[in-house]
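The values are calculated or read from the model by the stated rules, or taken from the named source; none is laboratory data. Not measured: the values here are computed from a predicted model. Don't worry about glycine lacking a Cβ; one is built from the backbone with ideal geometry, like all the others, and counts go over all protein chains shown.
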Amino acid sequence: MKDVIFIAGGGTGGHVFPGVAVADALQALGVTPVFVGSPRGLENKVVPARGYALELLQVSPMTGGGVKRFVQGAWTAARAMGAAFPLVRAYRPRAVLSVGGYAAGPVSLAAAALRVPLALMEPNGVMGFTNRLLSPFAKRVYVAWESMVPAFRPGVGVHAGVPLRPGFGPRPYAPKSPLRVLVLGGSQGAQRLNQTLPEVLSRAAGGRTITVTHQTGAGREAPVRAAYASLGFEVARVVPFLDDVPDELAKADLVIARAGASSLAEICAVGRASLLIPFPYAAADHQAQNALALERSGACVCVREADLERRLLPELGRLLHDDEARSAMARAAMAAGRPTAAEDVARDLMRMAGIRPREASSSNGAQSGSSNGSTVEAP
């Protein structure tokens, strides 16, 4: 019989992509990953494309819409529990990993009730709603920030980092000429960054030649390209998406981005200085918490949207003109990175489930051999 581990949850890329990274590592070690999500989430596009099984439960969000949405979400979750128990009994998973999102709740609770070991993955600096509800039942909680470990029972909280897809690994930094700036708007793009950065970069450069690669999101590139052209940028590559993010990060002197957990993990895995502008409407303000946690390590500068007019130009000007400051931030970012998180989490899950791994090379290619990639061990 195959050793199956459920990966439960999804909805957004911040939940789905770390789960897929762990699935890749589990598969390389001889385990069969099976995803459990909802018909509404990004997992419906991403998971089948990677060749993994996906089971769907009819679940809806409980937060973000007042009492009515909470009641509706609780009702659908209760109904989904009726389908979750047969699903667990049919697959007989050795463990369940909740990656967060409302779809994770029913199957994780069903598994815990049936005495299947439950683990949680929390990539943000603030626990999400579903993972908070599930945490009393979890044998392991993998967190991105070491400061979160004491919040859990001894032996439960594990500082693991955020699992990444293959290709992200440390790239030594040396200042370049001309200076290269990379703007990452995320898969959906960041309209405020698109509208603000061309002019601010032009002013902050102060006569220093810079080249820009700006990822805008689908259908948003034309006005951004026109803005750079009107400001006299000789080299401004404006694209809706980037095919090779690890390589783009490696070529950058400075990264300007939102502060989603996966973006921060990617920046740190490669090791680059960054200026982060958290999305102000993220649940529980988790992007700001992510950015502030990284800023405390000296690896980035965090500028909130409410402070853009006052702080963005001087902070950007300082970073563009201070090679040593960027170099120090790059070193701090690399020290904070955990590029082997996917394999580390996979191996720890297997230990928790009592599965003996089939020896395999690192699931993250260039990540193996990183000095920051020690295997996760529960304390």
Report summary line: Only one of 64, 73 is outside the structural domain of residue 284 (by TED's automatic domain parsing), modelled with pLDDT under 90 and assigned to a helix (DSSP H, G or I), namely 73
Query raised in the report: Looking at 244, 253, which is the one that is modelled with pLDDT under 95 and not hydrophobic (A, V, I, L, M, F, W, C)?
Result: 244
Report task. Would you mind telling me which numbered condition in (1) touching a helix residue (DSSP H, G or I) at 6+ places or on another chain (Cβ under 7 Å); (2) in a loop (DSSP other than H, G, I, E, B); (3) over 27 Å from residue 178 (Cβ atoms) residue 281 fails? Result -> (1)
Requested in this report: Please specify each residue of segment 191-228 satisfying the condition of being crowded, with 18+ Cβ neighbours inside 10 Å and among the acidic types (Asp, Glu).
Outcome: 221
Requested in this report: Evaluate segment 221-230: report whether one residue or more is of a type in the set (D, E, K, R) and in a loop (DSSP other than H, G, I, E, B).
Outcome: no
Query raised in the report: Which is assigned to a loop (DSSP other than H, G, I, E, B), over 30 Å from residue 132 (Cβ atoms) and either touching a Gly at 6+ places or on another chain (Cβ under 7 Å) or not aromatic (Phe, Trp, Tyr) (or both), of 170, 163?
Result: 170
Query raised in the report: Do the conditions hold for residue 264, that is, is it closer than 19 Å to residue 201 by Cα, assigned by TED's automatic domain parsing to the domain that holds residue 212, touching a helix residue (DSSP H, G or I) at 6+ places or on another chain (Cβ under 8 Å) and part of a helix (DSSP H, G or I)?
Result: no
Query raised in the report: charged (D, E, K, R), under 15 Å from residue 336 (Cα atoms), surrounded by 17 or more Cβ atoms within 10 Å (Cβ to Cβ) and in contact (Cβ under 8 Å) with a residue 40 or more places away in the chain, is that true of residue 171?
Result: yes
Report summary line: Selection from segment 5-30 of residues in contact with a strand residue (DSSP E or B) (Cβ under 7 Å, 6 or more places away or on another chain) and either among the hydroxyl-bearing types (Ser, Thr, Tyr) or under 17 Å from residue 98 (Cβ atoms) (or both) yields 5, 6, 7, 8, 9, 10, 18, 19, 22, 23, 26
